[in-house]
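Data block below; observations after.
Any read-out appearing in this document is the output of simple, stated calculations on the displayed coordinates, not a laboratory observation. In this text, all values refer to a predicted model and were calculated from it rather than measured experimentally. Cβ sites come from the backbone with ideal geometry, for glycine too, and all protein chains shown count toward neighbours.
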Amino acid sequence: MATHAAYTVFQGRAGDHNDLAMPGAKAIGDALAKRTGVLPVVIGKPQPALNVGWREELDAAMPALQAMQARLNEVFSSGAYSVAATSRCAVSLATLPAVARHHPSACIVWFDSHADLNTPEASATGYLGGLALAAPAGLWQSGLGSGFGLDQIVLVGQRDIDPFEQDLIDARGIPHIKPRDDLATRLRAAISGRPVYVHLDCDVLNPGIVPTDYVHDGGLSLDDLRDCCQVIAEHELIGIEIAEFQNSWTAGGEPVSPEPLLDALAPILSRR
């Protein structure tokens, strides 16, 4: 079992619609450094958002994503667990295959208002982030690998699911824990004692808690998130990636502190 954390901040392109998530990831990294005294490793350099189709976005992001995958391979090889601020969900195209390589029995707990299980052919929008979980699960080839099965996924908080994704969830029996469910009880049962890797898209939260790209009513509260983290803390922790935290509500707006979000994650972040 890993006994120490390794910290990473992703700053490259990853299918961004705007330029707010890269500084958001940096803010999380800075806040974690103040809490722990450990400076994060920074992967990639900020560049303006392209806001184009998935293929162009993936090609533009590939060098930084490959570097991020190499970083996580290094982290896991060292015996550490990973704490990463990953800007956008599409970074999971790189991180999850590294998780699968080093922790093949992992349970992937995917906090998000979306399932991100679309394939390029099924996607109605062509948004790279909407394909972020599907490729590591082997549903399409991103060029960054795969390695785990749909039976290793636990979805939490989704409330904007496309028909293709819903059909897949139903057909494969993927656990889908909705915001108004008994979160702790259902999450504990779904994890079923397995080691856990956490993906947190901040739009899983109720609108207005933190700035995010997508806004969907009926999400989790910070107390809900903390309750879930307390359940996760009962298990072996492989890592956590925090995505889609934007540093302000509008371009050029006042920076928003990630501290309340990190407080809610404290049951797992404090396992140093």
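Points worth noting:
- Gaussian network model of the chain, springs between alpha carbon atoms under 10 Å - residue of Pro258, Pro23, Pro46 with greatest fluctuation: Pro46
- With neighbour counts taken as other beta-carbon atoms within 10 Å, the residues Arg180, Arg71 rank, fewest first, as Arg180, Arg71.
- Considering the range 16-67 at the alpha-carbon level, its Rg and Dmax are found to be 13.1, 39 Å.
- Relative counts (whole %) of C-alpha pair distances in the chain, using bins that are 10 Å wide: 7, 34, 41, 17, 1
- Computed E for Lys45/Arg226 - FRET, C-beta separation, R0 45 angstrom, nearest 0.05: 0.85
- Dipole of the chain [Lys/Arg +1, Asp/Glu -1 at C-beta], most positive-end residue of Ala27, Leu131, Gly53: Ala27
- Over the C-alpha atoms of the range 175-265, the Rg to Rh ratio, Rh being the Kirkwood estimate, stands at 0.99.
- Calculated FRET efficiency for the pair Arg159/Glu234, C-beta based, R₀ 25 Å, to 0.05: 0.45
- Ala33-Ala266 pseudo-label distance in nm [points 7 Å out on the Cα-to-Cβ vector]: 2.3 nm
- Loop-located chymotrypsin sites (Phe, Trp or Tyr not before Pro) across the range 166-272 with a Cβ neighbour count of 14 or fewer within 10 Å are Trp249, with loop assigned by DSSP.
- Environment charge at Asn206 (Cβ cut-off 13 Å; Lys +1, Arg +1, Asp -1, Glu -1): -2
- Most tightly packed first, judged by the mean number of other beta-carbon atoms within 10 Å of their residues, the peptides 49-56, 24-31 read 24-31, 49-56.
- Check: the chain dipole with +1 on Lys, Arg Cβ and -1 on Asp, Glu Cβ, in debye: 900 debye
- Of every Cα-Cα pair in the range 1-117, the percent that sits beyond 22 Å: 33 percent
- For the chain: relative contact order, % (alpha-carbon pairs under 8 angstrom, 6 or more apart): 22 percent
- Dipole axis of the chain (+1 Lys, Arg; -1 Asp, Glu on Cβ), positive-most option in Val204, Phe111, Leu96: Leu96
- The ranking of Glu241, Glu259, Glu236 from fewest to most other beta carbons within 10 Å of each one's beta carbon is Glu259, Glu236, Glu241.
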